[in-house]
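Notes for the one structure printed next.
The values are calculated or read from the model by the stated rules, or taken from the named source; none is laboratory data. These numbers were taken from a predicted model, which means no experiment stands behind them. When we count neighbours, we look across all protein chains shown, and the Cβ atoms used for this are built from the backbone with ideal geometry, even at glycine.
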């Protein structure tokens, strides 16, 4: 019997369609395979093919924009928003617009073309997280920006234009509606109960255990109660904190360990699926410390959003989070 489940943060409804349920072996999307590419601009030795780096972790004293790096951050060569200019917001009756001010950066996570985040060492992934933090700390000084989203598209089906492992960061002059819905939902819960809704979710899920995937002293990974997509997974810090860039050193190390673990479980259970990884953090310059809780979402691309979802706003998920969590727990090495 299908179930309608309500997300406790946003109030969004999803349909868990048990009669259309799919197990991992039922999905037919192609696995991600990294294709060698001698012309890849992100590979070590091809630094001249990219914009000049904003940040790099280097060894052996190598100079900027040259080989010898472990990680590079560069401006996106084809940015969706540009840093130059002023916001210059204008209106035309009912219509509103502003200049496309923002920042769009690429975090090249490894110099090696064949690497994936799941195959990298925990120390290397932690270094990626520290690069995220450094760029957010820098960009948040620009008062034109209201929100910074960090995301990763892994595989062409997830939107990646290049195979070489990388993430992206976009600073926006407005807070996106999806983020605003999440923040407002968390604020409403706090107003009613004087508790963080994400902390409440953590307590309930750790106690219940059915949707728990993995946990450490600092980090918990779970399948959310009302997932939009099959095998959607959330990773949350146990300690309440609204902003990703304000996490503690031990939390970045723990997040790297759990992130690598979850991605490897997904590769094992779902045959190296394409996925999107998103870091949800509080909007800039807004007091959200009491009620918001940063977290990571991983969404394997196993199904497609179609007419029903677009027409209703309801997501149709053929796999229950309880089954997904069990499959990922069993996929441990």
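Residues that are surrounded by fewer than 20 Cβ atoms within 10 Å (Cβ to Cβ), at least 3 per element: which strands (runs of 3 or more DSSP E) completely within region 166-285 meet that?
In region 166-285, 212-215 are the strands (runs of 3 or more DSSP E) which contain 3 or more residues that are surrounded by fewer than 20 Cβ atoms within 10 Å (Cβ to Cβ).
Is one or more of the residues making up region 94-109 more than 23 Å from residue 149 (Cα to Cα) and at pLDDT below 95?
Yes, region 94-109 has at least one match.
Does residue 293 fit the bill of being within 16 Å of the chain's Cα centre (by Cα), touching a residue at least 60 places away in the same chain (Cβ under 8 Å), closer than 20 Å to residue 196 by Cβ and surrounded by fewer than 23 Cβ atoms within 10 Å (Cβ to Cβ)?
Taking the combined requirement at face value, the residue does not satisfy it.
Could you count how many residues in region 305-318 are without any contact (Cβ under 8 Å) to a residue 60 or more places away in the chain and in a loop (DSSP other than H, G, I, E, B)?
Result for region 305-318: 2.
So which residues in region 70-85 are more than 17 Å from residue 162 (Cβ to Cβ) and either surrounded by 12 or more Cβ atoms within 10 Å (Cβ to Cβ) or out of contact with any strand residue (DSSP E or B) (no Cβ under 7 Å at 6 or more places or on another chain) (or both), if there are any at all?
Of everything in region 70-85, those that are more than 17 Å from residue 162 (Cβ to Cβ) and either surrounded by 12 or more Cβ atoms within 10 Å (Cβ to Cβ) or out of contact with any strand residue (DSSP E or B) (no Cβ under 7 Å at 6 or more places or on another chain) (or both) turn out to be 70, 81, 82, 83, 84.
Only one of these is surrounded by 17 or more Cβ atoms within 10 Å (Cβ to Cβ) and modelled with pLDDT of 90 or more: 34, 16. Name it.
It is 16.
Kindly indicate whether residue 128 is touching a residue at least 24 places away in the same chain (Cβ under 8 Å) and either part of a helix (DSSP H, G or I) or under 19 Å from residue 295 (Cβ atoms) (or both).
Answer is yes for this residue.
Look at residue 302 and say whether it is buried (at least 18 other Cβ atoms within 10 Å of the Cβ), part of a helix (DSSP H, G or I) and touching a residue at least 40 places away in the same chain (Cβ under 8 Å).
In short, no.
If I ask for residues that are in a strand (DSSP E or B), surrounded by 19 or more Cβ atoms within 10 Å (Cβ to Cβ) and touching a helix residue (DSSP H, G or I) at 6+ places or on another chain (Cβ under 9 Å), which ones from region 145-164 would you list?
Scanning region 145-164 gives 147, 148, 150, 152, 154.
Just to be sure, is residue 200 under 30 Å from residue 139 (Cα atoms) and over 15 Å from the mean Cα position of the chain (by Cα)?
no
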